[in-house]
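No value in this document is a laboratory result; all are computed from the given coordinates. Quick caveat, the model's predicted, so the values are computed rather than measured. Counting neighbours? That spans all protein chains shown, and the Cβs are built from the backbone with ideal geometry, glycine included.
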Amino acid sequence: MMDSILFWNAVALEADRVSHSEPDKREQNGPTLSSRALAITHLAMYDAYAGVTGGAGFPRYLSPAPPPAGASARDAVAGAAYTTLIALYKTQKDFFDAQLSAFNTFMERSQTVLPFKPGMGLIPRRWTIRNTEKRFGRFGQKESNPN
């Protein structure tokens, strides 16, 4: 069985590599933005996984509405990673679409039905890049209050 988190981790690392090596796709360059993008992606995957599996062993970072009926942890992780990566690396959407298609094809061959479709809302609406920047600042540091 394929591990959804490892699959999307590899996709995120490839997106980071492309962002550093192709001049027309530079979006998350340098160690600060690169590590920030990977952290946001992995936190979204964790939160999606924790939301579906639940339990005291998996506390959530955010507390959105419960996942849709029939959602699996594998699908929630895929939805969170796909949605987050598209928000962070807008120029690589075609690559992410191809990876999502490959992921779904593999799962169908495994005779698994995936309820995930892009935009299904498996990650909370509050989980946005803009809100993260407001909370932690553009480069991951808390903004100081001048008052």
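Neighbour counts of other Cβ atoms within 10 Å put Glu22, Glu27 in the fewest-to-most order Glu22, Glu27.
A simple count of charges around Ala15, restricted to other residues whose Cβ falls under 10 Å of its Cβ and scoring Lys, Arg +1 and Asp, Glu -1, yields -1.
Could you please rank Tyr61, Tyr82, Tyr89, placing first whichever residue has the fewest other Cβ atoms within 10 Å of its Cβ? Provide the component values of the computation, followed by the final result.
Values: Tyr61 12, Tyr82 25, Tyr89 21.
By the 10 Å Cβ count, ascending, the order reads Tyr61, Tyr89, Tyr82.
For segment 1-61, the spread of Cα positions along the three principal axes, ordered from largest to smallest, is 44, 27, 14 Å. Can you compute the FRET efficiency between Glu22 and Leu62 using 1/(1 + (r/R0)^6), with r the Cβ-Cβ distance and R0 = 30 Å? Round to the nearest 0.05. Between Glu22 and Leu62 the formula returns 0.40.
Within 10 Å of each residue's Cβ, count the other Cβ atoms and sort Val77, Val52 from fewest upward. All intermediate terms of the calculation are to be shown ahead of the outcome.
Working: Val77 26, Val52 19.
By the 10 Å Cβ count, ascending: Val52, Val77.
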